[in-house]
Amino acid sequence: MHDGLPSVAVFRGLHLQGVPVSGQDLIGQRIKTIRRQRGLSQAQLAHPELSDSYVSLIESGKRTPTVAVLELLAAKLECSLTYLINGVTAEQMHDLELGLNYASMALENGEVAEARRRYAELLEDGSLAGLAPLRQRAEFGYALASEACGDLDEAITVLTRLHDAGDAGERPVAVAVALSRCHRERGDLAAAVRVGEVALLGTGRPAWNDELVELGATLLAAYLVRGDLLRASQFARELLTAAENLNTPRAVVAACWNAALVAESSGRGEEALSLAERALAVQSETGESRNLARLRQAYALLRLRVRPAEAQACRDLMLRGERELRESSASTVDIARCLVNLAKAEIVLGDPGKAVEYARRGRDMLDERTSALLAEAHLVLGNALLLFHQSEEASAELTVVESMLVNTPPSRRAAEGWLTTATALEQLGDEEASEAAYHRALACAGL
């Protein structure tokens, strides 16, 4: 029996009058197959509403039927409309949408490994092959889950395919944001910049909206990590103006926060704090709890760098942010980053013992898939052990840092890592290794 018409959501992205020839062929083939299974001729299927010649044209892919005609044929063939259009039954469509919703919930709740598994299972199901909007949603979700799990290479592979093939569906800007961010975290700053600039600064530049401001903020971060402070400062002003004109929470938070990082890097610490505090205030009023906790953590670290005398207050903010992240089921990477930041605060506060504890916990939660954060964890732990008079263990951690930094592309972040390593090696009395690290820092800075 006919198992019901699909919801409006099923037709999202489907415009039958403009279906590609291959799509028309598939619809016609399904009609022909079911007609024969039912033992009907073309004339019997057509009568009395349609002509047998029209049915023949549909089955051969030479005519694209309207939704009304497809509804009629589905009723006569006693099958679902969703099957004729997509090759899946209404029950299969319901199961696929339910599976996507569960995977999305897992990702939102910080259950990133579970989300990745669910998305992978959906993509392995051949039913998604002819359902472009759902397949694109599954691939994008899988890429975000892979990124959250620390598998940047896999995330970049999937996002690049969506981006380069123009196969991002309803979310081309979101795909560009994620791809640029993943390239930046992976250390390929040229690719991170290219993705953002093609979308924002090329011909036919679009008008600013919330999504484009977020992409602009991602591009701004790539400029900053690359060490291009002049370009970053110019673009930060443009981004802040766009956010002010839009005057939406999403745009203001993205622009203010990234402009704050540029201001700090340019030596304008108090301006940086002012911008960051505005972003935090807006996020506190309108933002989702996990993103608020992340921003609180980042603000506390920025404040620690600008006002080290307020280290105790910064540590308290970090502890609050960590509690909020754990309550929101944040990812392992989020928690590890909190612990590394807490170690930095304890170093400033003069408690290397606690710093060692936090840094070890953070380090042990990470693997090579999050190489940048893992290197930072080893470096912070090495410095804490040095202050704790554990020279041999500190030297071992710094050796790991050196081996990781050697494989890191030149950038401002890499230069800072080498500089910190050089200082620690100097304190250990390893003058030769320290001098080599200083030279690498200068090379990464382009000096």
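The values are calculated or read from the model by the stated rules, or taken from the named source; none is laboratory data. Here the structure is a predicted model, which is why all the values come from computation and not from measurement. Backbone-built Cβ (ideal geometry, glycine too); neighbour counts: all protein chains shown. The area values use the complete protein model at the heavy-atom level, side chains included, leaving out ligands, DNA and RNA. Shrake-Rupley method; radii C 1.70, N 1.55, O 1.52, S 1.80 Å.
Yes or no, residue by residue, for (1) free of Cβ contacts under 8 Å to residues at least 12 places away in the same chain; (2) within 25 Å of the chain's Cα centre (by Cα); (3) more than 17 Å from Gly269 (Cα to Cα); (4) not in a loop (DSSP other than H, G, I, E, B):
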| site | (1), (2), (3), (4) |
| --- | --- |
| Arg290 | no, yes, yes, yes |
| Tyr299 | no, yes, no, yes |
| Asp316 | yes, no, yes, yes |
| Glu324 | no, yes, yes, yes |
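Among the residues examined, Gly4 qualifies as small (Gly, Ala, Ser) and modelled with pLDDT under 85.
Of the residues making up the stretch 73-123, those that are of a type outside the set (S, T, N, Q), open to solvent by less than 50 Å² (accessible area, probe 1.4 Å) and outside any helix (DSSP H, G or I) are Cys79, Gly87, Val88, Gly110. Number of residues in the stretch 385-432 that are under 25 Å from Gly187 (Cβ atoms) and not acidic (Asp, Glu) equals 27. Summed over the stretch 199-209, the residues that are touching a residue at least 12 places away in the same chain (Cβ under 8 Å) and either open to solvent by 70 Å² or more (accessible area, probe 1.4 Å) or assigned to a helix (DSSP H, G or I) (or both) give a count of 2. Taking residues in the stretch 87-107 that are farther than 14 Å from Arg137 by Cβ and of a type in the set (Val, Ile, Thr), and partners anywhere that are in a helix (DSSP H, G or I) and at pLDDT below 80, the pairs with Cβ atoms closer than 8 Å and at least 6 places apart or on different chains are Val88/Thr82; Val88/Ser127; Val88/Gly130; Thr89/Thr82; Thr89/Tyr83. Filtering Ala222, Ala155, Ala207 for residues that are within 14 Å of the chain's Cα centre (by Cα) and small (Gly, Ala, Ser) leaves a single hit, Ala155.
Return the residues of the stretch 148-168 that are buried (at least 18 other Cβ atoms within 10 Å of the Cβ) and part of a loop (DSSP other than H, G, I, E, B); say none if nothing qualifies. Explain how you work it out, then say what you get.
Within the stretch 148-168, the first condition is being buried (at least 18 other Cβ atoms within 10 Å of the Cβ), and the residues that meet it are 148-152, 154-156, 158-159, 162-163, 168.
Those that are buried (at least 18 other Cβ atoms within 10 Å of the Cβ) and part of a loop (DSSP other than H, G, I, E, B): Cys149, Gly150, Asp151, Ala168.
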